[in-house]
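Worksheet: one structure, shown below.
The values are calculated or read from the model by the stated rules, or taken from the named source; none is laboratory data. This is a predicted model, so every value here is computed, not measured. When we count neighbours, we look across all protein chains shown, and the Cβ atoms used for this are built from the backbone with ideal geometry, even at glycine. The protein model used for the area step is the full one, side chains on, heavy atoms only, and it has no ligands, DNA or RNA in it. Shrake-Rupley method; radii C 1.70, N 1.55, O 1.52, S 1.80 Å.
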Amino acid sequence: MDSEGSQQQKSSQKRSQKHNYSEDDLQKAMESCSLDGPGRTTLKEASKRFGVPISTISARLHGRKDRRSAHEHQQLLTKEQEATLARICQNRGYRGDPISLVELRGLAGAINGKLPGPSW
């Protein structure tokens, strides 16, 4: 394989890697960067210490939402409705009567008032 193909492969591998830090790590990194005075750390220091990319810390400090919150408006169910649906599924599962996918769509529609699409 030529060096150009090798570089493309490495580049695509980097893009497909998932982050390996928690939301808690990100919050701690943001707090350490936003402190005033001698306890304040730089983005680079916080990145190394907490294992969070510099660009992620910077973006969140400047008001960017996390992925889930940013797309909340596109979700069919609110967090509360989703929790309700999860409780119903768990209760049925505990009784030994699991919910089929067709029933799940129907329940989501009943909770929300709008039937989910076929790819939901």
Among all residue pairs at least 6 apart or on different chains, which show Cβ distances below 6 Å where the first residue, located in region 59-77, is closer than 21 Å to R105 by Cα and the second is open to solvent by less than 60 Å² (accessible area, probe 1.4 Å) and part of a loop (DSSP other than H, G, I, E, B)? L76/P116
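Quick one: which helices (runs of 4 or more DSSP H) sit completely within region 34-120 and have at least 1 residues that are over 30 Å from Y21 (Cα atoms) and at pLDDT 90 or above? Don't jump to the end; show me each part of the working.
Details: elements: 43-50, 54-61, 67-70, 79-94, 101-112.
Answer list for region 34-120: 79-94, 101-112.
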If you go through T56, T84, T42, the only one that is surrounded by 10 or more Cβ atoms within 10 Å (Cβ to Cβ), touching a His at 6+ places or on another chain (Cβ under 8 Å) and hydroxyl-bearing (S, T, Y) is T56
